[in-house]
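The values are calculated or read from the model by the stated rules, or taken from the named source; none is laboratory data. Everything numeric here is computed off the predicted structure, so don't read it as measured data. No Cβ is skipped: glycine too gets one built from the backbone with ideal geometry, and neighbour counts run over all protein chains shown.
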Amino acid sequence: MTGDAVNYAGRLRLGVNIDHVATVRNARGGAYPDPLRAARMAEAAGADGITAHLREDRRHISDADIDGLMQVLSVPLNFEMAATDEMQKIALRHRPHAVCIVPEKREEKTTEGGLEVAREENKLAHFIAPLRDAGCRVSIFIAADRRQIEAAHRIGAQVIELHTGAYCDAHAEGRLDERDAELERLRDMSAFAHALGLEVHAGHGLTYDTVAPVAAFPEVMELNIGHFIIGEAIFRGITPAIVEMRRLMDEARA
Ligand code: PXP
């Protein structure tokens, strides 16, 4: 499904990130548990899209997973990748619905910060142009920072995804003043980006405890959530884990 095939009207979308099904699979080097099976179950449970991050070191999602997802999904694939030539070639071969450009460091456990767009404007503008031309919606994963949002707009991205990690970490560690300040920043920057004409997504670290205030921002059109949902699936199963996230999002939005 390419960029134009999705109806953008309607409810807040939930993209389920299945990277960590692959993390568990890779712990034993075999084929189980299968991320494609998780993706199909997520679709059936109400996910509006599937997100998968093909990292340079292939620590979780593999090239074969991306091939399989492109074949089996009936909801859009949000293909997360670093801005490298190798990944650009892979994205152009598959032409997924969306390509989300993220910063990537080998030594990090997860995507730690947002992309530094303002410093790399020219390079990124050239990098994303062929992806846009191929029909992919290009999303840039950035901190809730006015300078980065303006730069993402200037380079021609259609979408920004705001990094919610600092907000979620502050919540988890009981730094409540900081949490509230991060939330305020996310709220302000969602409105700012929307006013520029960018579609606004958000994600990273969201849980049942932190999702509602972000889901309530009227400008946010999609949340991408992975680690918590896959973790919660251990205890209650993937379908109930997603149904509950969906319920919290819908309730917050209403
Ligand atoms: N959005 C982006 C751009 C990400 O890199 C990630 C993590 O891979 C997520 C959303 C999902 O974050 P989490 O797994 O913490 O829910």
Next on the checklist: Checking the conditions here, which among Ile149, Ile155, Ile140 is β-branched (Val, Ile, Thr) and under 21 Å from His227 (Cα atoms)?
Outcome noted: Ile140
Checklist outcome for this item: Counted residues in segment 224-247 being of a type outside the set (Val, Ile, Thr) and within 13 Å of the ligand (Cβ to nearest atom) come to 9
Checklist entry - Looking at (1) within 13 Å of the ligand (Cβ to nearest atom); (2) over 21 Å from Val99 (Cα atoms); (3) out of contact with any helix residue (DSSP H, G or I) (no Cβ under 9 Å at 6 or more places or on another chain), can you tell me which one Ala254 breaks? => result (1)
Checklist outcome for this item: The condition of being of a type in the set (Asp, Glu) and either within 12 Å of the chain's Cα centre (by Cα) or within 15 Å of the ligand (Cβ to nearest atom) (or both) holds, among Glu219, Glu184, Glu161, only for Glu161
Item to check | Any hit, segment 29-45, residues being over 29 Å from Leu248 (Cα atoms), within 16 Å of the ligand (Cβ to nearest atom) and without any contact (Cβ under 8 Å) to a residue 40 or more places away in the chain | outcome: no
Checklist entry - Just for segment 224-254: of the residues that are farther than 21 Å from Ile61 by Cα and acidic (Asp, Glu), which one is farthest from the chain's Cα centre (by Cα)? => result Glu251
Checklist entry - For the subset of segment 187-216 comprising residues that are without any contact (Cβ under 8 Å) to a residue 40 or more places away in the chain and assigned to a loop (DSSP other than H, G, I, E, B), which member is farthest from the ligand (Cβ to nearest atom)? => result Ala216
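Within segment 114-141, how many residues are part of a loop (DSSP other than H, G, I, E, B) and out of contact with any strand residue (DSSP E or B) (no Cβ under 7 Å at 6 or more places or on another chain)?
Residues meeting the conditions: 3.
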Checklist entry - Is there a residue in segment 227-247 that is within 30 Å of Glu121 (Cβ to Cβ), touching a helix residue (DSSP H, G or I) at 6+ places or on another chain (Cβ under 9 Å) and buried (at least 22 other Cβ atoms within 10 Å of the Cβ)? => result no
Item to check | Any chance Val99 is in contact with a Phe, Trp or Tyr (Cβ under 7 Å, 6 or more places away or on another chain), at pLDDT 95 or above, of a type in the set (Val, Ile, Thr) and surrounded by 18 or more Cβ atoms within 10 Å (Cβ to Cβ) | outcome: yes
Next on the checklist: I'd like the residue in segment 73-96 that is among the aliphatic types (A, V, I, L, M) and over 13 Å from Glu56 (Cα atoms) and, out of all such residues, is surrounded by the fewest Cβ atoms within 10 Å (Cβ to Cβ).
Outcome noted: Leu92
